[in-house]
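Q: Have a look at this one.
The values are calculated or read from the model by the stated rules, or taken from the named source; none is laboratory data. It should be emphasised that the depicted structure is a prediction, and the values quoted were computed from it without experimental measurement. Don't worry about glycine lacking a Cβ; one is built from the backbone with ideal geometry, like all the others, and counts go over all protein chains shown. SASA here: full protein model, heavy atoms, side chains in, ligands and nucleic acids out. Shrake-Rupley method; radii C 1.70, N 1.55, O 1.52, S 1.80 Å.
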Amino acid sequence: MVECPFCTRKPLAVLGGGYVVIQDMYPVTTGHVLVVDQRTHSMTAADIGPLLNAAGDYAATLGGAFNIGINWGVAAGQTIAHPHVHVIPRVAGDCEDPTGGVRNVIAGRGKY
């Protein structure tokens, strides 16, 4: 059995309810972290609300702008099958035009 890279990482923070914050292995901005549910390796729709709440609580401590994202399924880019939410801090000027936010996950489709 392959060891889970999320379960073996040292947490940056421990949140309530079994959630921890770990550094993203391939951060897209400074401070990009993952909020991970260490109690389970499967994710259902019922898990999303509490996981997003934990990520939002952590993101609020950043004191600025941020994106929160979930890659659910291989077609959506999920590479590690463990429930987690990306918290990506944002600052003015970190990209040419942030309009659309997460809509830009598919290049060229986020403009409106």
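Q: Carbon and sulfur atoms: what percent of the 1.4 Å accessible area of the chain do they account for?
A: The value for the chain is 58 percent carbon and sulfur by accessible area.
Q: Can you put 94, 24, 57 in order of accessible area, largest first, using a 1.4 Å probe?
A: 57, 94, 24
Q: With a probe of 1.4 Å, find how much accessible area the chain has per residue, and write the answer as a whole number in Å².
A: Using a 1.4 Å probe on heavy atoms only, each residue of the chain averages 63 Å².
Q: Using unit Cβ charges (K, R positive; D, E negative) and no other charged atoms, how large, in debye to the nearest 20, is the dipole of the chain about its Cα centre?
A: Roughly 80 debye for the chain.
Q: Still on this structure: Quick check for you: which residues of the range 28-71 have the amide N under 11 Å from the point 7 Å beyond the Cα of residue 8 toward its beta carbon?
A: none
Q: Another one. Extent of the range 14-92 along each principal axis, from alpha carbon coordinates, in Å, largest to smallest?
A: Computed over the Cα atoms, the extents are 35, 29, 19 Å.
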